[in-house]
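The values are calculated or read from the model by the stated rules, or taken from the named source; none is laboratory data. A quick note: this is a predicted structure, and the numbers were derived from the prediction, not measured. Note: ideal-geometry Cβ built from the backbone for every residue, glycine included; neighbour counts use all protein chains shown. The area values use the complete protein model at the heavy-atom level, side chains included, leaving out ligands, DNA and RNA. Shrake-Rupley method; radii C 1.70, N 1.55, O 1.52, S 1.80 Å.
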Amino acid sequence: MADAPQPVMFAVVTVNRKAIGGGMAPIFFADDVAERDRIAMWLSRITNCIVHDLHDGSLALTVNASPPASSSSTQD
C-alpha cells in the first residue's frame, strides 16, 4: 500500500528504566504499571496516538507521519 501512513514513534512510557534509553522520543518513567497505563491513556487521548505494549514494562506510542487522504465526494 503506497498510500499507507507511516507510523512515527511519539513517546515511550515505561516502568523499566533499563529497558529504554536514548532516541528522539520523550521517555516517561512511571513508578508502577498502573501509573504507566494512566500516563499512556491520557497521552493517547490528548494526541490521538496508538499505544503498543512492548512486553518489557514499556509502552510505545506512535502517531502517523502523514494522515491518510480524506475521502472527498464530488458534488455535481
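Pull out all pairs, ordered by first then second residue, where Cβ-Cβ is under 7 Å, the residues are six or more apart or on different chains, the first lies in the stretch 3-18 and is modelled with pLDDT of 85 or more and basic (Lys, Arg), and the second is open to solvent by 60 Å² or more (accessible area, probe 1.4 Å) and assigned to a strand (DSSP E or B).
17/29
Take the stretch 22-37 and flag every residue that is open to solvent by less than 80 Å² (accessible area, probe 1.4 Å), farther than 26 Å from residue 65 by Cβ and of a type in the set (D, E, K, R).
Within the stretch 22-37, 32, 35 qualify.
So, residue 54, is that one in contact with an Asp or Glu (Cβ under 9 Å, 6 or more places away or on another chain) and not small (Gly, Ala, Ser) or not?
Judged against the criteria, residue 54 is not a match.
Is it fair to say residue 65 is of a type in the set (A, V, I, L, M) and at pLDDT 80 or above?
no
Residue by residue through the stretch 27-45, note down the ones that are without any contact (Cβ under 8 Å) to a residue 24 or more places away in the chain and farther than 18 Å from residue 9 by Cα.
Those that are without any contact (Cβ under 8 Å) to a residue 24 or more places away in the chain and farther than 18 Å from residue 9 by Cα: 30, 31, 32, 34, 35, 38.
Residues to consider are 19, 11, 40; find the one that is assigned to a loop (DSSP other than H, G, I, E, B), surrounded by 10 or more Cβ atoms within 10 Å (Cβ to Cβ) and of a type outside the set (Lys, Arg). Break it down into steps so the answer makes sense when it comes.
Values: 11 fails: assigned to a loop (DSSP other than H, G, I, E, B); 40 fails: assigned to a loop (DSSP other than H, G, I, E, B).
Step by step, each of 19, 11, 40 is checked, and only 19 is assigned to a loop (DSSP other than H, G, I, E, B), surrounded by 10 or more Cβ atoms within 10 Å (Cβ to Cβ) and of a type outside the set (Lys, Arg).
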